[in-house]
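*Asks:* Following this message is one structure expressed as structure tokens.
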Amino acid sequence: MDWRRKHVLGLSDFRPEEIEFVVDTARSMEEVLTRDIKKVPALRGKTVVNLFFEPSTRTRTSFEIAGKRLSADVVNFSSSVSSQSKGETLLDTARNIEAMRPSILVIRHNASGAVQFLSRHLSCSIINAGDGSNEHPTQALLDLYTILKSKGKVAGLKIAIVGDILHSRVARSNLHCLGKLGATLWLCGPATLLPREMARTGATLTNDIREAVRDADVVIMLRIQLERQKSAYFPSIREYSLKYGLNKDIFALAKEDAVIMHPGPINRGVEISNDLADCSRSLILDQVNSGVAVRMALLYLLAGGAQ
Amino acid sequence: MMLIQGGRIIDPASGRDEVGHLVLKDGMVEGVLQGDPPAGFDGRIVDAGGKWVVPGLVDMHVHLRDPGYEWKEDIRTGTAAAAAGGFASVACMANTQPVNDSPEVTKYILEKARREGSADVFPVAAVSRGLEGKEMTDFAEVAEAGAVAFSDDGKYIANPLLMRRAMEYARPFGFPILVHSEDRDLTAGGAANEGWTAIRMGIPGAPGAAEEVAIARDILIARQTGGRLHLQHISTKMGVELLRMAKKAGLSVTGETAPHYFTLTDAALEGYDTNAKMNPPLRGEEDRMAILEGLRDGTIDAIASDHAPHDAFVKECEFAAAANGIIGLQTSLTLTLGLAEGGKIAPSRIVELLSAAPARILSLRGKGTLARGADADVAVIDPAAEWEFRAQDVRSKSKNSPFLGWKLRGRAVLTVCRGFVRHSTIEGVEADA
């Protein structure tokens, strides 16, 4: 496979074989992670900057570990959007960081399209670590990696994504990623958070979590932002949890070997019941584990590792 | 004295559409001559063979950014862009700094336009003091200073009681209230049309209903008060339909749309192009088709550019943070001429939309017509000219246009304002100093 991408901005324009190539590369990275000395020199002398304009612990740490396992120098730069409003524009901040000559910028921002925008103005490679409600490609790739590890395939699986679809970049990237590989996708949430236009993705839409979970192979629960209730998207956390939360009774409708996933951080007792979050069918921690290998693969490929 | 000879003279206000020779004298239209061009004419002669000779165009909705935001645009550059686009008259909105809610600002605009302008400028003053939506501007006093209409453009008058009072108070003066129809509670921070494109791209959506609810409310207030209502930049299908209903009911309601609403859809947002970001937002194809139908059947009275210059700084940023609006004075005519192709809309109707109709809505005397005694405002249009809109052609200080790089057809080759040539690409015809 000939890897020509300079950036990973989103999965909407990824071809299925590119996605599979990333997964294959991640597998070889995972092998590294099982060694006693979990470090290879592939990115020695290269600098990876985590440029995060939105709070994140797991994604940023995951990229940091991934970079370090590849011997890159990893630097974290966190900036709140509020400090931006005090003067420096996003572009100015990014240009300042770029002037320090990083090889790869890993960027998270709360505005959809912010990472695409920066890619037009900067010359280094960029990985999107989440832009607004648009895409979170590394999350979708690690979700895919986790599903493949558990199920061996994606094509033909019924995969339900439940929660705040409207605002979810994880849902959008997963729709691109899993859809291209032939999964049968179901989207579920309250009508206010599940736009009818989403049917154009080819997914089946439902406002009934039972319908979404019934006979599913994989159930991906999304984090509900508690602030959404204040904007009147749903009446109360209690009602949300009752109607759109995953509990034992509802999960019993899924296939016997069905698995539960969640991009985290979870709201225990809201979108997922306490017992289910920790049960043997929950792959939530496997996802975190896959994240390092997948991000190593992307850093490696963007740094020219495949050539 | 000027003779514009051999062109197709289209003057919808007087029902004229025929080849002839237009004579201008002392800043006014002298008349139209038929037959052979007059021999021994003592003055400037412009050959307009194969061209359209129409009233100097009128754009009833522009932002000149002067006073206060002169780095984006000023009266000199804004009117130069107008003249380059065939416009001899523009009505400028009140959201300057300071806001035009006083005789002083109105006079400043008029005086600067008189000194430096390439087109006539008609100030539109704010409905509410400081555009704050609380108390009314001194309508009569500002109108005496020269304001031709009132508008809180850019902001919706959220308080229906203020809207009611404004329409009622304005009624005896006869000037219209121009409204930016947008229920902001419904827009809820939306930055693009709520539809598949915005949902796919994760951009918060502004529903068409935010415009439609506002239009419906103001039509009902117009009915209650008998005031004159003008709907600015209509962008939705139901917005057109509501205007149609209001007209059928005999209400004093008019409406405009902008060329981008019948030329583009929200598909133009691809790649988070901030030059496709405006308010109201670009809508879907169904809306675009309804706008075209509204223009064709006469529901929509006028086309106005909503020329909104912005410096690169507020456009070169993440989509959600980018400023709304695009420049339009140099593309309004050419995009509207596109409607004539395939006979969709007759040339005389196109000219009316861009001249007679806005002049009538704003009661601009001597504008929008080539009748004898009218101001000597003329645009000569080459409907077949092929050209590309390039950044170096932009006369505005700002270059925020989604049409840069477009191959276009039809343009103004001559613009005359009060007898002075303000724009010319005709060989041998120089613009006046």
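The values are calculated or read from the model by the stated rules, or taken from the named source; none is laboratory data. Everything quoted here is computed from the prediction, not taken from an experiment. Every residue, glycine among them, receives a Cβ derived from its backbone with ideal geometry; neighbour counts consider all protein chains shown. With ligands, DNA and RNA removed, areas are computed over all heavy atoms of the protein, side chains included. Shrake-Rupley method; radii C 1.70, N 1.55, O 1.52, S 1.80 Å.
*Asks:* Write down the percent of antiparallel bridges among all DSSP beta bridges whose residues are both part of the protein assembly as shown, to the nearest 5.
*Replies:* 35 percent
*Asks:* Please compute, for peptide A:88-101, the average count of beta-carbon atoms on other protein chains lying within 10 Å of each residue's beta-carbon.
*Replies:* 1
*Asks:* Quick one: dipole size for the stretch B:56-361, taken about the Cα centre, charges +1 on Lys/Arg Cβ and -1 on Asp/Glu Cβ, in debye to the nearest 20.
*Replies:* For this selection, approximately 700 debye.
*Asks:* Show B:M167, B:M238 ordered by accessible area, largest first, where the area counts protein heavy atoms only and the probe is 1.4 Å.
*Replies:* So, going from the largest accessible area down, we get B:M238, B:M167.
*Asks:* Another question about this same structure. Taking a probe of 1.4 angstrom, what is the accessible area of B:F420 in Å², to the nearest 10?
*Replies:* Counting only protein heavy atoms, B:F420 exposes about 100 Å² to solvent.
*Asks:* With the alpha-carbon atoms as the only input, what is the per residue convex hull volume for the stretch B:371-433 in Å³?
*Replies:* Convex hull of Cα atoms, per residue: 128 Å³.
*Asks:* Follow-up question, since we're still on this one. About the Cα centre of the stretch B:38-131, how large is the charge dipole given +1 on each Lys and Arg Cβ and -1 on each Asp and Glu Cβ? Please answer in debye to the nearest 20.
*Replies:* 40 debye
*Asks:* In Å, what is the Rg of the alpha-carbon atoms in the stretch A:137-287, and how long is Dmax?
*Replies:* My reading of the Cα-based Rg and Dmax gives 13.8, 41 Å.
*Asks:* If you don't mind, another one. Interface size between chain B and chain A, please: total buried accessible area, 1.4 Å probe, rounded to the nearest 100 Å².
*Replies:* Chain pair B/A: roughly 1400 Å² of buried accessible area.
*Asks:* If you don't mind, another one. Before rounding to the nearest 500, sum -39500 (n - 2.57) across all DSSP H runs of length at least 4 in chain A and divide by the residue total; then give [θ] at 222 nm in deg cm²/dmol.
*Replies:* That calculation yields -11500 deg cm²/dmol at 222 nm.
*Asks:* Between B:G56, B:T96, B:A81, whose Cα lies farthest towards the positive end of the dipole of the stretch B:51-107 when Lys and Arg beta carbons carry +1 and Asp and Glu beta carbons carry -1, centred on the Cα centre?
*Replies:* Working it through, the farthest residue towards the positive pole turns out to be B:G56.
*Asks:* How many partner chain Cβ atoms sit within 10 Å of a residue's Cβ in peptide A:110-120, on average, as a whole number?
*Replies:* 6
*Asks:* Nearest 5 is fine: what % of DSSP beta bridges in the stretch B:56-361 come out antiparallel, could you say?
*Replies:* 5 percent
*Asks:* Whole-Hz Karplus ³J(HN,Hα) for the stretch A:187-201, in order, using 6.51 cos²θ - 1.76 cosθ + 1.60 and θ = phi - 60°, x for Gly and Pro?
*Replies:* Result, ordered by residue: 10, 9, x, x, 4, 5, 10, 10, x, 4, 4, 4, 4, 5, 6 Hz.
*Asks:* As I understand it, the dipole of chain B uses +1 on the Cβ of Lys and Arg and -1 on the Cβ of Asp and Glu, about the Cα centre. Which of B:F175, B:M1, B:G239 lies farthest toward its positive end?
*Replies:* Projecting each Cα onto the dipole axis, the largest value belongs to B:F175.
*Asks:* To continue, here is another question. How big is the dipole moment of chain A about its Cα centre under a simple scheme where the beta carbon of each Lys and Arg is +1, that of each Asp and Glu is -1, and everything else is neutral? Debye, nearest 20, please.
*Replies:* Taking the Cα centre of chain A as origin, the dipole is about 460 debye.
*Asks:* So if I restrict to the alpha-carbon atoms in the stretch B:313-401, what is the Rg, and what is Dmax, the biggest pairwise distance, in Å?
*Replies:* Just the Cα atoms of the stretch B:313-401 yield Rg and Dmax of 16.7, 53 Å.
*Asks:* Follow-up. Can you tell me the accessible area per residue over the stretch B:56-361, all protein chains present, probe 1.4 angstrom, in square angstrom?
*Replies:* 33 Å²
*Asks:* At 222 nm, what helix-only mean residue ellipticity would chain B give, in deg cm²/dmol to the nearest 500, using -39500 (n - 2.57) for each DSSP H run of four or more?
*Replies:* -7500 deg cm²/dmol, from helical runs alone.
*Asks:* With a 1.4 Å probe and every protein chain kept in, tell me what percent of the accessible surface of the protein assembly as shown is carbon plus sulfur.
*Replies:* Here it works out to 49 percent.
*Asks:* Next up: Listed here are the pairs B:K25/B:K51; B:K237/B:K407; A:K243/B:K237; B:K315/B:K397; which of them are more than 24 Å apart at the Cα?
*Replies:* With Cα atoms farther than 24 Å apart: B:K237/B:K407; A:K243/B:K237.
*Asks:* Follow-up. What's the whole-number percent of alpha carbon pairs in the protein assembly as shown lying beyond 49 angstrom?
*Replies:* Roughly 29 percent, once rounded to a whole number.
*Asks:* Another question, if that's okay. Could you give me the radius of gyration and the Dmax of chain B, taking only the C-alpha atoms into account and expressing both in angstrom?
*Replies:* In Å, with Rg to one decimal and Dmax whole: 20.6, 67.
*Asks:* Let me ask something additional. Can you pull the mean other chain C-beta count within 10 Å for peptide B:192-201?
*Replies:* For this peptide, the per-residue mean of nearby foreign Cβ atoms is 5.
*Asks:* Hey, which lysines would be in cross-link range of A:K180, C-alpha to C-alpha under 16 Å, not counting anything within fewer than 8 residues on its own chain?
*Replies:* Leaving aside lysines fewer than 8 places away in the same chain, those within reach of A:K180 are A:K153, A:K158.
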